[in-house]
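**Student:** Just passing along the structure, written as C-alpha cells.
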Amino acid sequence: MADQFHPLQCKFNEPPRSIDDYIESAYRHNIASCHHGLLLGIIQHWRYYMIFVALGIANSGDSAELGCTSYILSSVNFQHDILLRDGEDGDDDEIDFAGRGAAVAGSHFAGMLISGLLSGVLADVWGRRSTLLLGLVCNAIVGVLSVGATNAPELCILRFMLGVGLGMVTAGVVTLCAEVSPPSKRGLFMALVGSCYTLGFLYTAIWALVIFRLSGSGSWQLFLLMNAIPTIVAASLVIMFVPESPRYFLCRGRTKEAVYIANVIATRMGHSGNLLTEEELAQHLSQAKSKREGTHCDQDSMKTCETLETSTSVVEVNIVREVLLSLVIMKQVFANGMYKKTIPLQLSFFTLTLATGVMQWFTKVFQMLELQTDAYVLSFYHTLAQIPGMLLASGLIETGRRRLVMAGFCGGGGGFV
C-alpha cells in the first residue's frame, strides 16, 4: 500500500466505533474540511474518489461487452464471416440468425447464469477485489481473443467465458462500492457507480456509429477490440487504487487487516483524528456479540460477531468445501419470511435481464424496419435517451429506492408496450 499513516493509541472516552462508524466519521470530516468547495475537496482527496472511478469504469466495461452483441449481429461483414450457413441441396447460402445468431447473442447469458451463482460466494471466500480483478482480466483476455474468432462455435465459447467474467465483475463492483462508501451516502455512491453502466452502452454505441457507419470499414473485429479497452483500463485502475474491502477481512476474522484497510480509506479521505485500532474494533465486536440475541444488531455484527472467536477455522477451511457450504447456506435468503423480499427482487432482476436480452436485437430490428434514419444512429439515440434517467436516479436515490424502482419498471414497461 502506498498510503502511509501512523496509528494513534488512545483511551476510548466514547463508545467503540464499528468500521461503518469510522468511515462515516472520516467522510463527515472530509466534507466539513471542504471550505473552498466540494470540487476542491474531491481534488484534494482524489485517491479516495479514484476507488469509485475505477469501479465505475469496470461497470462500464461490463455493459460495453454486453451491449456490443446488438451491433455485430447487424454488421454485414459479421454476418458473412460468422453467421453465413451453407445452403443445402443447391440452395443459396443464408444468414442463420435463428441458430448461430441466437447462440452468439445468448452464450454470454449462460456464462452469467453460472457466474451469478458462484461469484458472490467467491467474493466472500477469495475477496471482493480478487474476484473483481479475476473477472476483469478474464474479460480483457476474452475480448482480445474474440478478434481472432473464425466461426460461430469459437465465438460462442469465448462469449460464454466472457459471461462468467461479467458475473465476477458485477459481484466485485457492487460489494466493494457498498463496503468502502460512507453509510449515509451509500445509495448515492452506488447509484453513481451504477450509472456508469449506461456510459458503457453509450461508449459502445459511439464506436458502432464510427466503425459501422461513418468510417465505412465495418470491421467487427476492430469493434470488439475497442470494446475491450474499458475493461483493460479498469483492471489497471483497480490494481492501482482499489483496496480490498475491510468488511471482507472482518468477516474472515482477520481484524488486523480490516483495521489497516479501514485506516487506509479514512486517510485517503483526509481523516486526521484518532485512527481505528484492533482494540477498539474488538471492543465493538464484543459489545455487538452480547447484543446478538436482541434486536439491536448493527451492520457489522450479523456475521463478524461469529468470526471473532473462530477466525482460525474460517481462514484455514478448505476453499472448495467452503464454496459448497456457502451454496447450501444460500437457502437462508428464503427462510423466516425472507422469501417475501427475495422472490420480488429475483423477479426484478429476471425482468431486467429479459429486457437486456431483447436489446441484443434492437439494431437488427431497426434495420428490418427499413426506416429512413440509419439503424446505428437510432441505437445511438436510444442509448443517449438513458442519460436523463441515469442523472435523475442519481439525484433522487436518497429519497427512496423502492419508489425509484417502481417508477423505472413502469416507465420501462410502458416503453416496451
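The values are calculated or read from the model by the stated rules, or taken from the named source; none is laboratory data. Here the structure is a predicted model, which is why all the values come from computation and not from measurement. Just so you know, the surface numbers come from the protein's heavy atoms only, side chains and all, with ligands and any DNA or RNA stripped out. Shrake-Rupley method; radii C 1.70, N 1.55, O 1.52, S 1.80 Å.
**Student:** Leaving out ligands and nucleic acids, note down the accessible area per residue over segment 57-147 with a 1.4 angstrom probe, in whole Å².
**Tutor:** With the other protein chains kept in place, segment 57-147 gives 39 Å² per residue.
**Student:** Related question: Please give the per residue accessible area of segment 192-257, computed with a probe of 1.4 Å over protein heavy atoms only, in Å².
**Tutor:** Computed with neighbouring chains in place, this is 38 Å² per residue.
**Student:** Over segment 344-385, average the accessible area per residue using a 1.4 Å probe and give it in Å², no decimals. List each step's numbers first, then the result.
**Tutor:** Values: 2790 Å² over 42 residues.
Counting only protein heavy atoms, the per-residue value for segment 344-385 is 66 Å².
**Student:** What is the log10 of I(q)/I(0) for segment 110-221, computed with the Debye formula using one identical point scatterer on each Cα and no solvent, at q = 0.09, 0.11, 0.17 Å⁻¹?
**Tutor:** Debye output, listed in q order: -0.31, -0.46, -0.94.
**Student:** List the extent of the Cα atoms of segment 168-222 along each of their three principal axes, largest first, rounded to whole Å.
**Tutor:** Extents along the principal axes: 49, 21, 9 Å.
**Student:** Still on this structure, I have one more. Determine the order of H271, H108 by accessible area, beginning with the largest, at a probe radius of 1.4 Å. Walk me through the numbers before you get to the answer.
**Tutor:** Working: H271 35, H108 0 Å².
Ranked from most to least accessible, the order is H271, H108.
**Student:** Going by accessible area, probe 1.4 Å, with all protein chains left in place, what is the ranking of F334, F349, F52, largest first?
**Tutor:** F349, F334, F52
**Student:** Would you mind computing the Rg to Rh ratio of segment 51-190 from its alpha-carbon coordinates, Kirkwood style for Rh?
**Tutor:** Working: Rg = 18.0 Å, Rh = 16.3 Å.
With Rg and the Kirkwood Rh in hand, the quotient comes to 1.10.
**Student:** Turning to a different aspect of this structure: Collect residues whose amide H, placed 1.01 Å from N in the peptide plane, falls under 5 Å from the amide H of L84; neighbours closer than 5 in sequence don't count.
**Tutor:** Distant-sequence amide H within range of L84: D96.
**Student:** If you don't mind, there's one more thing I want to ask. Any of K185/K289; K256/K340; K185/K364; K256/K291; K331/K364 with alpha carbons more than 31 Å apart? Name them for me. Don't skip to the end; give the middle numbers.
**Tutor:** Working: K185/K289 27 Å; K256/K340 38 Å; K185/K364 41 Å; K256/K291 23 Å; K331/K364 40 Å.
Over 31 Å apart, Cα to Cα: K256/K340; K185/K364; K331/K364.
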